[in-house]
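The values are calculated or read from the model by the stated rules, or taken from the named source; none is laboratory data. For clarity, every value in this text was computed on a predicted model and none was experimentally measured. In this analysis, Cβ positions are derived from the backbone assuming ideal geometry, glycine residues included, and neighbour counts consider all displayed protein chains. Side chains included, ligands, DNA and RNA excluded: accessible areas come from the protein's heavy atoms. Shrake-Rupley method; radii C 1.70, N 1.55, O 1.52, S 1.80 Å.
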Amino acid sequence: MSSIEIEMFPCLSDNYGFLLHDPETGLTAAIDTPEVTPILAVLERRAWRLSHILNTHHHGDHAGGNLELKRLTGCRIIGPRQDAKRIPGIDEGVADGEVIGFGAHRVEVFETPGHTRGHIVYLLRDERVAFVGDTLFAMGCGRLFEGTPAEMWTSLQKLLRWPDDTRIYCAHEYTAANGRFALSVEPSNAELRRRCEEVAKLRAVGEFTVPTTLALEKATNPFLRPDSRGLREALGMAGDDDVAVFARTRALKDAF
Ligand SMILES: [Zn+2]
């Protein structure tokens, strides 16, 4: 399998932009379009031509640059079929279980409703790379603007079945704040405590904390750990089901 190249760069106040490039075919995809200028700057620096936009969801800090980039480059826009009406300039809608060909690479589509009704995420399984938009963050998960806790927990369980060494590219740098919340609900988690110390050092010198890995999230992200004894004890929910623990964790984070 030929390699794939990824460029990651800050956009807006705390978004990340991503460009995915296949050297074999010259194809280049922007994963979401938070801000046009930095995307164009990276395209120019790498001498890449934008062929695709892969949207995760309709929010302005994810699809706001679609129309201008399409006008400038003629790229093809792929996004959630369920939410096609809210994705500016969409050419092709995709749904759960479908696979997009990107050169010789396979990009698997998963529907992950919760943050928005139509949210989708993209997995390149062979390359162990995933773009998860606002569904999963380092030590956090997206706010439930258009879904229930049960829907979001079902969505996150799809991600939990991916290979542990999958590199997870989330769309915001929220890690330090997420870590402070995570420690408040699972203070007994030693790996979480170590990770928060590491994140503080990285952020102090302006380093990215993304991508993360699924293994690291399984060990430290409270939203993937409703079965954790330490979390359940801290919440006083030893006997509740996973959805109830997840819902309580999400509600506590909203008020944190
Ligand atoms: Zn969003």
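Using the Cβ of Leu43 as centre and a radius below 14 Å, the other residues enclosed give a net charge of -1, where K and R count +1 and D and E count -1. Positive-end ranking of Ser184, Gly79, Gly142 along the dipole of region 59-205, with charges on Cβ about the Cα centre, is headed by Ser184.
Here the chain is assigned +1 on the Cβ of each Lys and Arg and -1 on the Cβ of each Asp and Glu. Its dipole about the Cα centre then comes out at about 280 debye. Think of each Lys and Arg Cβ as +1 and each Asp and Glu Cβ as -1; about the Cα centre, that makes the dipole of region 137-256 roughly 200 debye.
Give me the percent of DSSP beta bridges within region 86-212 that run antiparallel, rounded to the nearest 5. Provide the component values of the computation, followed by the final result.
On the way: 14 of 18 bridges.
Antiparallel bridges: around 80 percent, rounded to the nearest 5.
Residues whose amide H comes within less than 5 Å of that of Phe102, counting only those at least five positions distant or on another chain, are Val107 (H built at 1.01 Å from N in the peptide plane). Only Cα pairs under 8 Å and 6+ residues apart enter the sum, and on that basis the relative contact order of region 59-165 stands at 18 percent.
Around Ala63, with a cut-off of 14 angstrom between Cβ atoms, what is the net charge of the other residues, counting Lys and Arg +1 and Asp and Glu -1?
Numbers: positive: Lys70, Lys85, Arg86; negative: Asp32, Glu35, Asp61, Glu68, Asp83, Asp91, Asp134.
Every neighbour counted, the sum reads -4.
Here the dipole of region 80-198 is about 200 debye; that uses its Cα centre as origin and unit charges on the Cβ of Lys and Arg (positive) and Asp and Glu (negative). Residue-wise HN-Hα couplings along region 234-240, as the Karplus relation 6.51 cos²θ - 1.76 cosθ + 1.60 with θ = phi - 60° gives them from phi, are 5, 8, x, 10, 3, x, 7 Hz; Gly and Pro carry x. Counting only DSSP beta bridges with both residues in the chain, tell me the antiparallel percent, nearest 5. Roughly 70 percent of the beta bridges in the chain run antiparallel, per DSSP.
Given a Förster distance of 25 angstrom, what is the FRET efficiency for Asp91 paired with Thr25, based on the Cβ-Cβ distance and rounded to 0.05? Given R0 = 25 Å and the Cβ-Cβ separation, E is 0.85. Mean sequence separation of contacting Cα pairs (under 8 Å, at least six apart), scaled by the length of the chain, corresponds to a relative contact order of 13 percent.
Classify the chain: rounded, prolate or oblate, from the alpha-carbon gyration tensor (a ≥ b ≥ c, eigenvalue square roots; a/c under 1.5 rounded; otherwise prolate if a/b is larger than b/c)? Walk me through the intermediate numbers first.
Details: a/c = 1.92, a/b = 1.62, b/c = 1.19.
Here the chain falls in the prolate category.
Averaged over its residues, region 204-253 has an accessible area of 45 Å² per residue, based on protein heavy atoms and a 1.4 Å probe.
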